[in-house]
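A quick write-up on the structure given underneath.
Readers should treat all values here as calculations from the given coordinates under stated rules, not as data from a laboratory. Remember, it's a predicted structure, so these values are computed and weren't measured experimentally. Reconstructed Cβ throughout: ideal geometry from the backbone, glycine too, with neighbour counts over all protein chains shown.
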Amino acid sequence: MAGQSDPQLSLFSAEEVEFIAEDEMVKIVPNLRMDALNFVCGDFGPFFPQLATQVPLWLAVALKKRGKCTIRPPQWMTVEKLTQVLEAERDSQRVFEQLPFHYVEISRLLFDHARDDIPDVYMVRSLIEDIRDVRFHKVETNLESLNERAFALKINNLSAMEVNIVRPFVGRALQAFYKHDSPDLIPDQDRVSDRRPQVANNATRRHLRR
Amino acid sequence: MASEAGEGSTAGMDDYETLISTTDVELLKKAWRNEKAAPEILRFETSLIQRIRGQIQLMEENIEEFAGSGIDPLTVSLYQMDLDRTQYLFRSYLRIRLQKIEKYMFHISKNPEVQSRLSEQEKGFAIRCADDMERHLEESVLSKLPDNYQDIVKQSIISEESDMIPEPQLDSFVVCKSRRFLGPFQLDGSDELLEMKPDELCIIHYKSIRERVQEGDIDLV
């Protein structure tokens, strides 16, 4: 039996990753007066016109859709910051820049619903897409260099969407290496039901990826 | 209406600050993520689920009142959205566990340690599931096989152990993150020591971090 994990059980769909991202906080500027909201997931408000306040992303998008607020794009979503990040990403082969864990989902939601609240939105959008491409390309090249049995892999600064896309492949690849690269003893002829290989661990290596 | 996690949580005392400011929904989200990412079934969060169930019911009643009493529809719809999100997490958590039970039902029925991780209703479900499956297989296939091969869990009478039971793959790789500095600990099956800094992503054997996930030190992503 190959070491296959059931993809149905352990995979997050893209929508679920977005669901998790929707709990991130953003700043909004409401244009109406509303009493405090006592949700199961927390208390927010009260809301006063023109007074900025922090709410979860899903709430911000809901209010924006009904025209009740404007959303302030987060600090990292400016042309200057993103250009910096893009340069840095292009310069290094192995290092991933520090970006919010859910930057893909947050930016997607804001582009879809709050386009007019983002200054230079087309520039920002193309920068983020470039960053995504460069990062993903980096992930792919680094994965190509996986060629021996590793017990653990450390990756810094990968984002949620990237993790989700890469997870099934990396899981199975590492598992296959683990199985096939391990020094087995020849299985005993008599004991049919003994399936566990005796593992002598001389060739272990821990990859540190920055 | 945000209830705070009380004594039901298992985080260490030095996380007290995080503990008292974590809402139940956050805890549910964490439990949901861990359950989704883990290859085996984890311990059932009885008190958390009870609290959430109570809050959901309360919220449903509130919304009905609101809808009737003329509070503006915007507010009502926002409350409804929040309720929907919480209900989604709640149901998905229960469904993932049920899926895992269905998948590993024979393993569970032979393994009291795993059974201790299920809730009462889940235990009943697992037993009924295993019984039904056993009966179905016997009636449709096994009774028609030659005598030596009629057992559900053994390949043949001469097998020494029950080798046809699907078991969770504990050595599959999972992606995880630690919330604080974890001193060097031994990786399963090797002499290497690994340490984890907070918020560093690590892809690692589930076996190596199993206890730590149960204690809440490591989160699966």
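A few notes on this one:
- Per-residue [θ]222 nm for chain B (sum of -39500 (n - 2.57) over DSSP H runs n ≥ 4, rounded to 500): -16500 deg cm²/dmol
- By other beta-carbon atoms within 10 Å, ranking B:204, B:96 with the fewest at the front produces B:96, B:204.
- Cβ crowding within 10 Å, taken as a proxy for footprinting-reagent exposure, orders A:27, A:65 from fewest neighbours to most as A:65, A:27.
- Under the shape rule built on the C-alpha gyration tensor, where the axes satisfy a ≥ b ≥ c, chain B is oblate, since a/c reaches at least 1.5 while a/b does not exceed b/c.
- Theoretical gain in end-to-end length, residue B:162 to residue B:47 [0.36 nm per residue, Cα-Cα removed]: 37.9 nm
- Normalised by the number of residues in chain B, the mean separation of alpha-carbon contacts (under 8 Å, six or more apart) gives a relative contact order of 20 percent.
- If you take the Cα centroid of segment B:67-86 and the Cα centroid of segment B:88-154, the two points sit 40 Å apart.
- Likely footprinting exposure, B:88, B:104, fewest C-beta neighbours within 10 Å first: B:88, B:104
- Over 31 Å between alpha carbons, listed pairs A:68/B:177; B:144/B:207; A:65/B:197; A:179/B:110: A:68/B:177; B:144/B:207; A:65/B:197
- Other protein chain Cβ atoms within 10 Å, averaged over every residue that makes up B:79-90: 3
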